[in-house]
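A.B. asks: Right, I'll just put the structure down here and ask away after.
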Amino acid sequence: MSRFDEELSALSGRRVAVLGMGISNRPLLHLLMRAGARITVRDKQSREKLDPTLCAELVLSGAAFRCGEDYLEDLCEEVIFRSPGIMASHPALRAAAEGGARITSEMELFFETCPCPIIGITGSDGKSTTTTLVAEMLRAAGHRVHLGGNIGHPLLSDVPDIAPTDFAVVELSSFQLMSMTRSPAVSIITNITPNHLDKHRDMAEYVEAKREIFRHQDSSGLVVLNADNDLTAASALLAPGRVRLFSRGGNTSVGVILRDSVITLCEGEKELPLISTADILLPGLHNVENYMAAAAAVAEFVPPEAMRRVAKSFAGVPHRLELVAEIDGVRYYNSSIDSSPTRTAAALSCFDRPVIVLAGGADKGIPLEPLGPLFREKAKGCILVGHTAERIRNAVCNSPDYDADRLPVRIEENMEAAVAAARSLAVPGDIVILSPGCTSFDLYANFEERGERFRAAVRAMLS
């Protein structure tokens, strides 16, 4: 019997709580039903807002429901699977653990049962692109790859189909990492900047959560770190295994560096050219860094020619600098994945002219003041939506040398109105970009839904 089968069999007849019926936990619920667990679904949403088909299956299997604001009260189950959106430090979870409950997650169970090497990627910015690049490079070299995690696909139910010779490539958020007791064989931290401070107690907790990605490695493990980011570089001193740095700014002489516009692996006196930046389709120096991180992680498994093939063909992940349409000489880009000011700064740096930017969303407790000087320098128009619209407008209008005639700032009620406002400001040759700088949870379920709304509003102008 495999470790996967053993873990599921051990849950037969046991009282199991699943906190949250979102995307990451739906495959888990099917597995628990098949295993014969005594399931209680606990979700903050009302029962009426949950997936009716899955709810019907759960009812037939004998599952119970605890929904609404008090969904975490009387948390008395033996095994508790939390969703990434419920902090591991929540008092109800701590109390349940003190009472003897096992607190785990879909991702933790995947790490315990996955039979192949895992490459894990985290960071404040660039992790989705880097995760996808790692997977594409491995595939280009002929490896069988399972891609998932925070990037959108839960991997636990795929375990029976995973062979020991495969690779699992997993994007990991700080929320997933907080309670992990295992680390990937190869870990990447792309960078660490302020993020998710509406959920984490402070920046220190957020940094420590990111560092969990390598803390449980042994001496054979490898962690890839950004030498150009102070918090990430400082993590090297804490690594229990091997460290490989990457640096675009010349902050390391070993690891992966940029040598005469060529991403190069340096080990001792040996230098191996990997990828010319001229071959990379993705715009922006931040994408050069993403390639450097990915190459550093897979250098032992992927030859340089396979890396180059990816660079010459990979056009990017959805919702990041995605060209939606060109209408009346104006190009419209969807970069809905930009959920922090640093991501927005990276996106705007890709263009050689001021752009019309659509920004705003939910407040996650990080400073938005940097958007003021950024937009003053990089934008010719700002269209703002969501809870943070006023804060961003104040940051722009209060920035030094702000000129209202040169940079109009407007607040709109929804995406459709924002796109219409952007069109009214644009002239042929202009660029309009959705780069919110904020999370999506005030108006949309996730950044994908936000991006789809932008796409739909833009494409509606074609009809």
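A.B. asks: Is it the case, given these coordinates, that residue 431 is of a type in the set (Val, Ile, Thr), touching a residue at least 12 places away in the same chain (Cβ under 8 Å) and under 22 Å from residue 198 (Cβ atoms)? If you could, list the steps in order and put the result at the bottom.
C.D. replies: On the way: of a type in the set (Val, Ile, Thr): yes; touching a residue at least 12 places away in the same chain (Cβ under 8 Å): yes; under 22 Å from residue 198 (Cβ atoms): no.
No: the conditions fail for residue 431.
A.B. asks: Please report, ordered by residue number, the strands (runs of 3 or more DSSP E) entirely within region 351-452 with at least 3 residues that are under 26 Å from the mean Cα position of the chain (by Cα).
C.D. replies: Numbers: elements: 355-359, 379-384, 409-411, 431-434.
It comes to 355-359, 379-384, 431-434.
A.B. asks: Going by the structure shown, is residue 10 among the hydrophobic types (A, V, I, L, M, F, W, C) and either in the same structural domain as residue 206 (by TED's automatic domain parsing) or crowded, with 18+ Cβ neighbours inside 10 Å (or both)? Step through it out loud before you land on a result.
C.D. replies: Details: among the hydrophobic types (A, V, I, L, M, F, W, C): yes; either in the same structural domain as residue 206 (by TED's automatic domain parsing) or crowded, with 18+ Cβ neighbours inside 10 Å (or both): no.
So residue 10 fails the test.
A.B. asks: Residues being under 12 Å from residue 324 (Cα atoms) and either touching a Pro at 6+ places or on another chain (Cβ under 8 Å) or not assigned by TED's automatic domain parsing to the domain that holds residue 357 (or both): count how many of those fall in region 421-456.
C.D. replies: Of all residues in region 421-456, those under 12 Å from residue 324 (Cα atoms) come to 431-434, 451-456.
Now drop any that are not either touching a Pro at 6+ places or on another chain (Cβ under 8 Å) or not assigned by TED's automatic domain parsing to the domain that holds residue 357 (or both), which leaves 451.
So the count comes out to 1.
A.B. asks: Can you find, within region 343-384, the residue that is surrounded by the most Cβ atoms within 10 Å (Cβ to Cβ) among those that are aliphatic (A, V, I, L, M) and farther than 21 Å from residue 194 by Cα? I'd like the intermediate steps shown before the answer.
C.D. replies: Within region 343-384, the first condition is being aliphatic (A, V, I, L, M), and the residues that meet it are 345-348, 355-359, 362, 366, 368, 371, 374, 379, 383-384.
In the following step, the residues that additionally are farther than 21 Å from residue 194 by Cα were identified as 355-358, 379, 383-384.
Values: 355: 24, 356: 23, 357: 31, 358: 28, 379: 23, 383: 28, 384: 27.
This residue is 357.
A.B. asks: What's the number of the condition residue 437 fails, among (1) surrounded by fewer than 18 Cβ atoms within 10 Å (Cβ to Cβ); (2) touching a Leu at 6+ places or on another chain (Cβ under 6 Å); (3) on the phi > 0 side of the Ramachandran plot?
C.D. replies: Every condition holds for residue 437 apart from (1).
Table: residues versus (1) touching a strand residue (DSSP E or B) at 6+ places or on another chain (Cβ under 9 Å); (2) within 24 Å of residue 207 (Cα to Cα).
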position	(1), (2)
252	yes, yes
255	yes, yes
271	yes, no
284	no, no
289	yes, yes
301	yes, no
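A.B. asks: Same structure again: Of all residues in region 208-224, which are of a type in the set (A, V, I, L, M, F, W, C) and either more than 15 Å from residue 172 (Cβ to Cβ) or surrounded by fewer than 19 Cβ atoms within 10 Å (Cβ to Cβ) (or both)? Outline the logic, then answer.
C.D. replies: Applying the first criterion (of a type in the set (A, V, I, L, M, F, W, C)) to region 208-224 yields 209, 213-214, 222-224.
Within region 208-224, 222 is the sole residue that qualifies.
A.B. asks: Can you tell me which of 156, 147, 138 is aliphatic (A, V, I, L, M), more than 14 Å from the chain's Cα centre (by Cα) and under 21 Å from residue 182 (Cα atoms)? Write out each step before concluding.
C.D. replies: Values: 147 fails: more than 14 Å from the chain's Cα centre (by Cα); 138 fails: under 21 Å from residue 182 (Cα atoms).
After applying the criteria, what remains is 156.
A.B. asks: Please go through region 290-342 and give me each residue that is of a type in the set (Asp, Glu) and either buried (at least 19 other Cβ atoms within 10 Å of the Cβ) or assigned to a strand (DSSP E or B) (or both), ordered by number. First the steps, then the outcome.
C.D. replies: Filtering region 290-342 down to residues of a type in the set (Asp, Glu) leaves 300, 305, 322, 326, 328, 338.
322, 326, 338 - these are the residues of region 290-342 that are of a type in the set (Asp, Glu) and either buried (at least 19 other Cβ atoms within 10 Å of the Cβ) or assigned to a strand (DSSP E or B) (or both).
A.B. asks: Moving on. Please verify whether region 154-172 includes one or more residues that are in the same structural domain as residue 247 (by TED's automatic domain parsing) and without any contact (Cβ under 8 Å) to a residue 40 or more places away in the chain. Walk me through it before giving the result.
C.D. replies: Taking region 154-172 and keeping what is in the same structural domain as residue 247 (by TED's automatic domain parsing), we get 154-172.
With the extra rule that they be without any contact (Cβ under 8 Å) to a residue 40 or more places away in the chain, the set shrinks to 158, 161.
Yes, region 154-172 has at least one match.
A.B. asks: Which count do you get for residues in region 179-210 that are hydrophobic (A, V, I, L, M, F, W, C) and in contact with a Ser or Thr (Cβ under 7 Å, 6 or more places away or on another chain)?
C.D. replies: Taking region 179-210 and keeping what is hydrophobic (A, V, I, L, M, F, W, C), we get 180, 185-186, 188-189, 192, 197, 203-204, 207, 209.
Then drop every residue that is not in contact with a Ser or Thr (Cβ under 7 Å, 6 or more places away or on another chain), which leaves 188-189, 192, 209.
Result for region 179-210: 4.
A.B. asks: Now a separate question. Within region 41-54, does at least one residue satisfy the condition of being farther than 30 Å from residue 439 by Cα, not in a loop (DSSP other than H, G, I, E, B) and not assigned by TED's automatic domain parsing to the domain that holds residue 154?
C.D. replies: So in region 41-54, the residues farther than 30 Å from residue 439 by Cα come out as none.
The answer is no, given that none of the residues of region 41-54 is farther than 30 Å from residue 439 by Cα, not in a loop (DSSP other than H, G, I, E, B) and not assigned by TED's automatic domain parsing to the domain that holds residue 154.
A.B. asks: Run down 376, 343 and say which single residue is basic (Lys, Arg), under 17 Å from residue 131 (Cα atoms) and in the same structural domain as residue 409 (by TED's automatic domain parsing). Spell out the reasoning first.
C.D. replies: Values: 376 fails: under 17 Å from residue 131 (Cα atoms).
Step by step, each of 376, 343 is checked, and only 343 is basic (Lys, Arg), under 17 Å from residue 131 (Cα atoms) and in the same structural domain as residue 409 (by TED's automatic domain parsing).
A.B. asks: Look at region 149-179 and say how many of its residues are closer than 19 Å to residue 447 by Cβ, in a strand (DSSP E or B) and modelled with pLDDT of 95 or more. Show your work before the answer.
C.D. replies: Filtering region 149-179 for residues closer than 19 Å to residue 447 by Cβ gives 149-154, 170-176.
Subset that is in a strand (DSSP E or B): 149, 170-171.
Subset that is modelled with pLDDT of 95 or more: 170-171.
Residues flagged as closer than 19 Å to residue 447 by Cβ, in a strand (DSSP E or B) and modelled with pLDDT of 95 or more within region 149-179 amount to 2.
A.B. asks: A further question on this structure: State all residues of region 259-285 that are under 24 Å from residue 184 (Cα atoms) and either within 24 Å of the chain's Cα centre (by Cα) or at pLDDT below 95 (or both); if no residue qualifies, say none.
C.D. replies: Selection gives 267 alone.
A.B. asks: So, of the residues in region 385-434 that are among the hydroxyl-bearing types (Ser, Thr, Tyr) and within 23 Å of residue 365 (Cβ to Cβ), which turns out to be surrounded by the most Cβ atoms within 10 Å (Cβ to Cβ)?
C.D. replies: Step one: of region 385-434, the residues among the hydroxyl-bearing types (Ser, Thr, Tyr) are 388, 399, 402, 424.
Checking the rest, the ones that are also within 23 Å of residue 365 (Cβ to Cβ) come to 388, 399.
Details: 388: 23, 399: 18.
Once the filter is applied, the top-ranked residue is 388.
A.B. asks: If you scan region 343-371, which residues turn out to be under 20 Å from residue 442 (Cα atoms) and out of contact with any strand residue (DSSP E or B) (no Cβ under 8 Å at 6 or more places or on another chain)?
C.D. replies: In the first step, residues of region 343-371 are kept if they are under 20 Å from residue 442 (Cα atoms); the result is 343-344, 357-369, 371.
If the condition is that a residue be under 20 Å from residue 442 (Cα atoms) and out of contact with any strand residue (DSSP E or B) (no Cβ under 8 Å at 6 or more places or on another chain), then 343, 363, 365, 366, 367, 368, 369 are the ones that fit.
The values are calculated or read from the model by the stated rules, or taken from the named source; none is laboratory data. Bear in mind that the values here come from a model prediction, so they are computed numbers and not experimental data. Every residue, glycine among them, receives a Cβ derived from its backbone with ideal geometry; neighbour counts consider all protein chains shown.
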